[in-house]
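Comments concern the structure below.
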Amino acid sequence: QKEVEQDPGPLSVPEGAIVSLNCTYSNSAFQYFMWYRQYSRKGPELLMYTYSSGNKEDGRFTAQVDKSSKYISLFIRDSQPSDSATYLCAMKDLQGGSEKLVFGKGTKLTVNP
Amino acid sequence: GAGVSQTPSNKVTEKGKYVELRCDPISGHTALYWYRQSLGQGPEFLIYFQGTGAADDSGLPNDRFFAVRPEGSVSTLKIQRTERGDSAVYLCASSLFGSYNEQFFGPGTRLTVL
């Protein structure tokens, strides 16, 4: 079993739809939770970064973390064609002093105009 | 300002050859990371530098892989005796020191081993 599980999709939605992306994890030591967006042939760019359980909102994006269920989500409201990309969840385990990120597989999203 | 840059953007080599991949981090970032991303997968951690020293190299797959950061800025990932399975996008990221700081990624080097 991988430490971080993410449904790779692909996911296709019409413009304006609400998109829900999810990851589950098995390592209780994960303390920081991130969502990255990756356009084709580009490096990942950070969208959301959370530490504790609960919700964090930034514009059309909302990140949710439920540490008790080991489950994180990203919601995109009023999705736009420019949101079409691969979305990667990532988590940080600080054991041993490492700052490494552990990523999910990524979910490929297409928003159709 | 300038982001993380990586050279070359693409590298094609033959099985058995040696390759070097370069990363220029954001100025002032003391932490530098290398990840490898295979097709259809998320990035996988290789090595993390804090300054000049490798603080965590647990992700290096075997002794054919080696990375250096001699002056605490530019880093080079070195792969000896390349194998077809080494074909992937090699991503570099940098950050300020501290767990809450964002890792900024470069565009990656696409390595193809024929």
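The values are calculated or read from the model by the stated rules, or taken from the named source; none is laboratory data. Bear in mind the structure is a predicted one, so any value in this text is a computation, not a measurement. Every residue, glycine among them, receives a Cβ derived from its backbone with ideal geometry; neighbour counts consider all protein chains shown. Remember, those area values only see protein heavy atoms, side chains included, never the ligands or the DNA or RNA. Shrake-Rupley method; radii C 1.70, N 1.55, O 1.52, S 1.80 Å.
What strands (runs of 3 or more DSSP E) lie completely within segment B:1-47 and have 2 or more residues being away from chain A (no Cβ under 14 Å)?
Passing ranges, in order: B:10-13, B:19-24.
Quick check on my filter: what residues within segment B:1-26 are within 14 Å of the chain's Cα centre (by Cα) and open to solvent by 60 Å² or more (accessible area, probe 1.4 Å)?
B:THR7, B:SER9, B:ASN10, B:LYS11, B:GLU20, B:ARG22
What are the residues in segment A:33-59 that are surrounded by fewer than 12 Cβ atoms within 10 Å (Cβ to Cβ), under 16 Å from A:THR107 (Cα atoms) and not polar (S, T, N, Q), if any?
The answer is A:ARG41, and nothing else.
Checking the condition of a type in the set (Phe, Trp, Tyr) and open to solvent by less than 20 Å² (accessible area, probe 1.4 Å), which residue from B:PHE65, B:PHE105 passes?
B:PHE65
Go through (1) open to solvent by less than 10 Å² (accessible area, probe 1.4 Å); (2) without any contact (Cβ under 8 Å) to a residue 24 or more places away in the chain for B:THR52 and report which single condition fails.
Failing condition for B:THR52: (1).
Is it the case, given these coordinates, that A:PHE30 is surrounded by 12 or more Cβ atoms within 10 Å (Cβ to Cβ), within 14 Å of chain B (Cβ to nearest Cβ) and out of contact with any His (no Cβ under 9 Å at 6 or more places or on another chain)?
Yes; evaluated as a whole, the condition is true for this residue.
Condition first: in a strand (DSSP E or B), more than 14 Å from every other protein chain (Cβ to nearest Cβ), touching a Phe, Trp or Tyr at 6+ places or on another chain (Cβ under 9 Å) and open to solvent by 20 Å² or more (accessible area, probe 1.4 Å). Can you find one or more residues in segment B:77-96 that meet it?
So far as segment B:77-96 goes, yes, one or more of its residues are in a strand (DSSP E or B), more than 14 Å from every other protein chain (Cβ to nearest Cβ), touching a Phe, Trp or Tyr at 6+ places or on another chain (Cβ under 9 Å) and open to solvent by 20 Å² or more (accessible area, probe 1.4 Å).
Output the residues belonging to segment A:41-62 that are polar (S, T, N, Q) and within 13 Å of chain B (Cβ to nearest Cβ).
Listed by number, the residues that qualify are A:THR50, A:SER52.
Conditions: (1) out of contact with any Asp or Glu (no Cβ under 9 Å at 6 or more places or on another chain); (2) of a type in the set (Val, Ile, Thr); (3) within 23 Å of A:MET34 (Cα to Cα). B:VAL68 meets all but one. Number of the miss?
(3)
If I filter segment A:72-113 down to residues being of a type in the set (A, V, I, L, M) and within 9 Å of chain B (Cβ to nearest Cβ), which single residue comes out as nearest to A:PHE61 (Cα to Cα)?
Among those residues, the one meeting the criterion is A:LEU88.
Can you name every residue in segment B:27-49 that is more than 14 Å from the chain's Cα centre (by Cα), more than 21 Å from A:TRP35 (Cα to Cα) and either open to solvent by less than 40 Å² (accessible area, probe 1.4 Å) or of a type outside the set (Val, Ile, Thr) (or both)?
B:SER27, B:GLY28, B:HIS29
Here are A:LYS105, A:LYS100, A:LYS70: which of them is closer than 30 Å to B:ILE47 by Cβ and open to solvent by 70 Å² or more (accessible area, probe 1.4 Å)?
Result of the check over A:LYS105, A:LYS100, A:LYS70: A:LYS105.
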